[in-house]
Amino acid sequence: MDFGPYLMLASLEGAVTAAVLALMAAGLSLVFGVMRVVNVAHGEFYMLGAVLAWVVASMAGGGAAGFVLALAVAPLVVGAVAAAADVTVLKHLDYDPERTIVATIGLLYILQQLTLMGYGPEARPVEPPFNARIALPWVEWGQGGPQLYWPWGLSITSYKLFVIGAAAAVLAGLWALMTHTRIGLMMRATQLDGEMAQAFGIPVERVYALVFGLGAALAALAGVLIVPIQQAHYLMGGDALLLSFIVVIIGGLGSLAGTVIAAILIGMSDGIISVFFSPTLAKIIATLLVAFVLVFRPEGLMGKRAR
Amino acid sequence: MTARVLALHGGLIAVLLALHFLLPAYHHGNLARVMVLACYAIGYNVLFGYTGLLSLGHAMFFAAGMYGMGLPLHFLGIGAELAFLAGLLSAAALALVVGLLALRTAGVAFMIVTLMFSEAVYLTILLAGKWTRGDEGVVLERAERVFFGLDLSDPDIRYLAALALFALCLFLTLWLVRQPAGRVLIAIRENDERARLLGYDIFRHKLAAVVISGTISGAAGAAYGLLFGYVGATFAEVQYSIFPLLWVLLGGAGTIIGPFFGVLFMFYLIDLSSGITSAYMLIAGIALVLLTLFAPQGLAGELRRRRMRWLP
C-alpha cells in the first residue's frame, strides 16, 4: 500500500479510538467537573462494561440480540455499582480530593481483582452484530487527471462506522441533557456551588451519586462498544484510564467541548503514531505530555485560564 | 531526644536483631525483605507523612536506585560498593528533576504529575529492553554481590545488612524530623500558607523533602537489588507506587515507627492470601478503602492519638 492510503487507514482506526475515548473521557470529565474528584477507578468501569458485554452476550446466546441487550444492560449495571460506591465510600470522605483518589485506587483494585476471580485471566471476544467490510476508494493522479481506485486493504467495517456514529449520538445526548433538562440544570448548579445549590433545595447528595453513576455508565458504554473490536480482558482498564486522563487534562478538566476535541486529537495521533513508531515510545511521549501540560499549563491546552 | 523515644526505636532494632537468631529460615528471609521495603516506606513517609505531599510515583525512585545500581554493576563491573553509590545518586538526581517540575503543582495535579513521570520511567525501562531486559529483568550473579568483602547472597549476612540499612534509615529520619528543618516540613504539612507567612522558603523545603524521600527510596531499591540479586521492571510498575502509600497509611503517616509495621502487616496479609487466590491485590484494594474510611491515622497514628502522645 502507498503512503497516502496507509495514512488514511491509520486515521480511520484513529477515529474509532477517538470515538470510544471521547465517551470515556466525557464521563471522567463530568465527574471531575461536578464533583471535583478524580476517579482513578474510571478505567475499571470501562473494563466492567466490556466484561459484562461478554457475559450478557454469551448468556443471550450470541448474535445481534445479545449485543443490543448488552448495550442496554451493561451501562445500567455499572452505573448502579458506581452510584453504590459513591454512597457507601466517597460520600463518607466528604469528597476530599486526596482521600478520594486513594479510595478510588482501592476501588480500582477491588473491581479488577474481583473480575480476575470471577471472569478469569483470558481475553474473550464478542461478535459484532453486523460487520460488513466496506472498501474505500483513493484518488490517484494518473494520466489525464485524477482517478479513483480501490487499494487493496483500505477498508473499514460497518461496525466501526456504527461505533463512531453511536459515540457522536451519545455525546450529543449528554450535551442536551446538561444544557436543556432540569436534571442538567441541577448538575450545573451543583458544579458552580454545592452549598448554595443545597440551600436552594437541590438534593446535592443524590446529584453526586447520579453524576458518579452517569460517568461510570459512559465508560461502560465505551467498553461495550469496543469489545467487538478488542477483546474483553480484566487488565484493559489501565491503558484506557491513561488515555482518558491525557484527553481530559489536555482538553481542560471539566469542559465537555474541550474533552471531545482533545479526544479526537489524541485518538487520531495515537492511531497514527502507533502505526509508524513503537507504541511504547508513543506512550512515553503521551505521559510526559500530560505531566508537562499539568506543570506549565494546568488549565489544559484548550481550557480557560483561571482568574 | 528523650529516653523513651530512644528506648522505643532502639528496642525495635534490638528485637529485630534477636529475631535473627530465633526465626525459622522462611520467616527470616521474609523479615529481611520487610526491612528493606520498610526503608522504602520510611522514604515515602518523609514526603507524605511529614511534608504532606502525596506522590503516586515513588516507584520511579525505587527503580532509579535499583537500575542505577544494577546496570553499572552488571554491565560495567564497577563493584557493589560503587554501584550502590551510583544507585543513590541516580535516585537523588531523578528526585531533584522531578521535584523541580512537579512542585510547581499542588494537590491532585501533583499526584497525577508524579504518576505520569513514574509511568514514563517504567516505559523507558521497557523501551531500553536491550539492556534492562524489560519484565524479565536482570539476575545479578553471586560474585557481583560482594559488598566490602561480605557475600550478600548469604542469608545471615543479608538479614544483618538489611537490619543495618533499616536502622540507619530509621534513626536518620528520627533525627531529621527533630531538626529545625524537619519541624518546618511538619509546619508545611499543617498549613503551608502560614509557614510561608512566617518567612520560610516553602519551595526549597519541599524540594529538599522530595530529594531526601527519593534518595531513601532509591537506597531501598538499590539494596533490594543487591540483597535479592534481581533487577526487574515490575518494581517500576504503578503497583510499587501504590504499595508505599498503602504501607504508610496502614502503619501511620507521620510516625517514624509506623511504616515498618505497615509493611510487616501487609506483607504477611498478601503472603497468606496469595496462597488462596491469585487475586491477592484484592486485599490491597479493600485495605485502602477501609483505611481511608475508618482509620486515616493508621496503626501508630491511632496509638499516638489515644495513648502515646509523645510518639514521634
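At a glance:
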quantity: Condition broken by A:A74, with the remaining ones in (1) in contact with a helix residue (DSSP H, G or I) (Cβ under 7 Å, 6 or more places away or on another chain); (2) under 27 Å from A:L192 (Cβ atoms) satisfied; calculated: (2)
quantity: Those residues of the range A:11-38 which are assigned to a helix (DSSP H, G or I) and surrounded by fewer than 18 Cβ atoms within 10 Å (Cβ to Cβ), in sequence order; calculated: A:S11
quantity: Test for B:A181: is it crowded, with 18+ Cβ neighbours inside 10 Å and small (G, A, S); calculated: no
quantity: Entirely in the range B:218-312, the helices (runs of 4 or more DSSP H) that have 1 or more residues that are modelled with pLDDT under 90, within 21 Å of B:V46 (Cβ to Cβ) and within 11 Å of another protein chain (Cβ to nearest Cβ); calculated: B:239-251, B:281-294
quantity: Residue within the range B:91-99 that is without any contact (Cβ under 8 Å) to a residue 40 or more places away in the chain and within 14 Å of another protein chain (Cβ to nearest Cβ) present; calculated: yes
quantity: Selection from the range A:86-111 of residues that are among the aromatic types (F, W, Y), facing chain B (nearest Cβ under 7 Å) and open to solvent by 20 Å² or more (accessible area, probe 1.4 Å); calculated: none
quantity: Residue match in the range A:66-80 (condition: in contact with an Asp or Glu (Cβ under 8 Å, 6 or more places away or on another chain), more than 9 Å from chain B (Cβ to nearest Cβ) and open to solvent by 10 Å² or more (accessible area, probe 1.4 Å)); calculated: no
quantity: Helices (runs of 4 or more DSSP H) contained entirely in the range A:112-215, each with at least 1 residues that are buried (at least 17 other Cβ atoms within 10 Å of the Cβ) and over 19 Å from the mean Cα position of the chain (by Cα); calculated: A:182-192, A:194-199
quantity: Any hit, the range B:228-248, residues being among the hydroxyl-bearing types (S, T, Y), surrounded by 23 or more Cβ atoms within 10 Å (Cβ to Cβ) and in contact with a Ser or Thr (Cβ under 6 Å, 6 or more places away or on another chain); calculated: yes
quantity: Qualifying residue in the range B:108-120 (condition: open to solvent by 30 Å² or more (accessible area, probe 1.4 Å), without any contact (Cβ under 8 Å) to a residue 24 or more places away in the chain and either closer than 19 Å to A:D239 by Cα or among the polar types (S, T, N, Q) (or both)); calculated: no
quantity: Sole exception among (1) without any contact (Cβ under 8 Å) to a residue 60 or more places away in the chain; (2) away from every other protein chain (no Cβ under 11 Å); (3) over 30 Å from B:D201 (Cβ atoms); (4) not charged (D, E, K, R) for B:L140, by number; calculated: (1)
quantity: Complete set of residues in the range B:147-178 that are open to solvent by less than 60 Å² (accessible area, probe 1.4 Å), not acidic (D, E) and not in a helix (DSSP H, G or I); calculated: B:F147, B:L152, B:S153, B:V177
quantity: Cross-chain or 6+ apart pairs with Cβ under 7 Å, the range A:273-296 first and more than 7 Å from every other protein chain (Cβ to nearest Cβ) and open to solvent by less than 60 Å² (accessible area, probe 1.4 Å), then assigned to a helix (DSSP H, G or I) and hydroxyl-bearing (S, T, Y); calculated: A:A282/A:S274
quantity: Which listed residue, of A:I156, A:I110, is touching a residue at least 24 places away in the same chain (Cβ under 8 Å) and among the hydrophobic types (A, V, I, L, M, F, W, C); calculated: A:I156
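The values are calculated or read from the model by the stated rules, or taken from the named source; none is laboratory data. A quick note: this is a predicted structure, and the numbers were derived from the prediction, not measured. Here the Cβ is made from the backbone with ideal geometry for all residues, glycine too, and neighbour counts use every protein chain on show. Note: areas computed on protein heavy atoms with side chains; ligands, DNA, RNA excluded. Shrake-Rupley method; radii C 1.70, N 1.55, O 1.52, S 1.80 Å.
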